[in-house]
Amino acid sequence: MDILFNFFKLAALVLSALGICAVLNCYMKARKFKVNALANSFIITVVAVSLFMFGGISVWTVKGVLMALVLLYASVQDISTRKADDSLWIMLLMLSLVNFGEHSVLSMILGGIVVFVPQLAIATFSKNGGIGGADIKISAAAALCLGFVGGTLGYVIGLAFGIVFQLIYNKVKHRTYKKSFALLPFLSVGLMIGYFI
């Protein structure tokens, strides 16, 4: 009986996440973003199932699904326009207030600062701009949400994914390293990994 009840809870979580994802897909298409609805639905399903396996139906699980949806939107927008709406990092800040006792306030602030300051320095002193403002705001807000360990490790993992992918991609496509690329999809993967830490 417990297995059946858990299956219904998982199905409700996944169907709710897919419903929100479908609305997001329609909204992103209306804004002329490069949307792959099937890939987005698959990603959200995997995230929702993974979160359920670790946390069951809990505030932590729902918060993770909402964070994944915000990061998915930010990633698609970054791929499409190389920008991300300011409302996205504000949503992540609001999510940091959900289940507030999960991380200490000091851990959350340290996570945000450790991710924010180096990126700001790179953006300020780099000749090519280095990292965009949307990348900085979204990753710092997510790190605040994840606390020091999850935020810092998630950011480092995402940045490493992005750098390695771009090095390989530029080598294969014979592209110059001065061309910008969408960093938020890689940061989003890393930050979601950080959510599980």
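The values are calculated or read from the model by the stated rules, or taken from the named source; none is laboratory data. Since the structure is predicted, the reported quantities are computational estimates derived from the model, not experimental observations. Virtual Cβ from ideal backbone geometry, glycine too; neighbours counted across all protein chains shown.
Some observations on this one:
- When each of Val70, Val35 is tested for being under 19 Å from Leu144 (Cβ atoms), surrounded by 16 or more Cβ atoms within 10 Å (Cβ to Cβ) and either within 15 Å of the chain's Cα centre (by Cα) or touching a residue at least 40 places away in the same chain (Cβ under 8 Å) (or both), the lone residue that passes is Val70.
- Residues of the stretch 37-63 satisfying the condition of being among the β-branched types (Val, Ile, Thr) and touching a helix residue (DSSP H, G or I) at 6+ places or on another chain (Cβ under 9 Å): Ile43, Ile44, Thr45, Val47, Val49, Ile57, Val59, Thr61, Val62
- Cross-chain or 6+ apart pairs with Cβ under 6 Å, the stretch 40-54 first and of a type in the set (Ser, Thr, Tyr), then in a helix (DSSP H, G or I): Ser41/Leu18; Ser41/Cys21; Thr45/Val14
- Any hit, the stretch 87-95, residues being at pLDDT 95 or above, closer than 14 Å to Ser188 by Cβ and in contact with a Cys (Cβ under 9 Å, 6 or more places away or on another chain): no
- Meets criteria (of a type in the set (Asp, Glu) and either loosely packed, with under 13 Cβ neighbours inside 10 Å or over 26 Å from Leu146 (Cβ atoms) (or both)) for Asp2: yes
- Checking each residue in the stretch 5-28 for being buried (at least 17 other Cβ atoms within 10 Å of the Cβ) and either of a type in the set (Gly, Ala, Ser) or in a loop (DSSP other than H, G, I, E, B) (or both) picks out only Ala17.
- Of all residues in the stretch 11-54, those satisfying the criterion of being polar (S, T, N, Q) and under 13 Å from Ala68 (Cβ atoms) are Ser16, Asn40, Ser41, Thr45, Ser50.
- Of the helices (runs of 4 or more DSSP H) lying entirely inside the stretch 29-136, the ones with 3 or more residues being in contact with a Gly (Cβ under 7 Å, 6 or more places away or on another chain) and of a type outside the set (Lys, Arg) are found at 105-125.
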